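> Input: one structure, supplied below.
The values are calculated or read from the model by the stated rules, or taken from the named source; none is laboratory data. These numbers come from a predicted model, not from an experiment. In case anyone asks, the SASA skips ligands and DNA or RNA and just uses the protein heavy atoms, side chains included. Shrake-Rupley method; radii C 1.70, N 1.55, O 1.52, S 1.80 Å.
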Amino acid sequence: WAGENSKISIGDNLVSGPGIFITSDNHGIKKKQLIRDQEGVEKDVIIGSDVWLGAYAIVLPGVNIGDGAVVAAGSVVTKNVESYTIVGGVPAKQIGQRN
């Protein structure tokens with residue numbers, strides 16, 4: 001789900017489970033203005049090569065996922081993931097490292 005002014009870039013050999021969701025577009029959340037009336041917030045998403053996104057993982061705007069990273073099933077990735085790191089949870093946090 002890329003916005004009009006943002007992009008989603010995916011490297012070579014992505015492995016993904018069913019139901020993953022990647023977005024570079026989100027709602028604004030300013031106070032004193034209806035969310036539905038606010039301008040969207042867009043930030044590019046970059047996913048490296050040899051990445052595994054587990055089933056139903058969600059990747060939010062502005063996230064960079066490094067080469068060889070693994071995202072556990074059902075995780076919500078809100079921050080960058082270093083190369084060869086294993087993350088999981090809501091929000092996703094480091095739970096391991098690929099050796």
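> Of the accessible area of the range 1-75, with the probe set at 1.4 angstrom, what percent is carbon plus sulfur? Walk me through the intermediate numbers first.
Numbers: 2420 of 4630 Å².
It is 52 percent, rounded to a whole number.
> Sticking with this structure for a sec: In terms of modelled amide H atoms, which long-range or inter-chain residues lie less than 5 Å from the amide H of Ile65?
Residues meeting the amide H criterion: Ile46, Ile47, Gly48, Val81.
> Where the convex hull is taken over the Cα atoms of the chain, what is its projected area averaged over directions, in nm²? Mind dumping the intermediate values first?
Details: hull surface 25.7 nm².
Mean orientational projected area (the chain, Cα hull): 6.4 nm².
> On average, how much accessible surface per residue is there in the range 47-99, in Å², for a 1.4 Å probe, leaving out ligands, DNA and RNA? Could the numbers behind the result be given before it?
Details: 2630 Å² over 53 residues.
About 50 Å² of surface per residue is accessible.
> I want to verify a result. In a Gaussian network model of the chain, Cα cutoff 10 Å, which of these has the top mean-square fluctuation: Asn80, Asn26, Asn64?
Ranking Asn80, Asn26, Asn64 by mean-square fluctuation puts Asn26 first.
> Right, here's the next one. Can you run phi through the Karplus equation (6.51, -1.76, 1.60; θ = phi - 60°) for the range 33-47 and list ³J(HN,Hα) in whole Hz, with x for Gly and Pro?
8, 4, 4, 5, 8, 8, 5, x, 10, 10, 9, 4, 10, 10, 10
> On to the next question. Please compute P(r) over all alpha-carbon pairs of the range 59-99, binned at 5 Å starting from zero, and give each bin as a whole-number percent.
So the P(r) values, bin by bin, are 7, 30, 36, 23, 4, 0.
> So, taking all protein chains as they sit and a 1.4 Å probe, how much accessible area belongs to Tyr56, in Å² rounded to tens?
140
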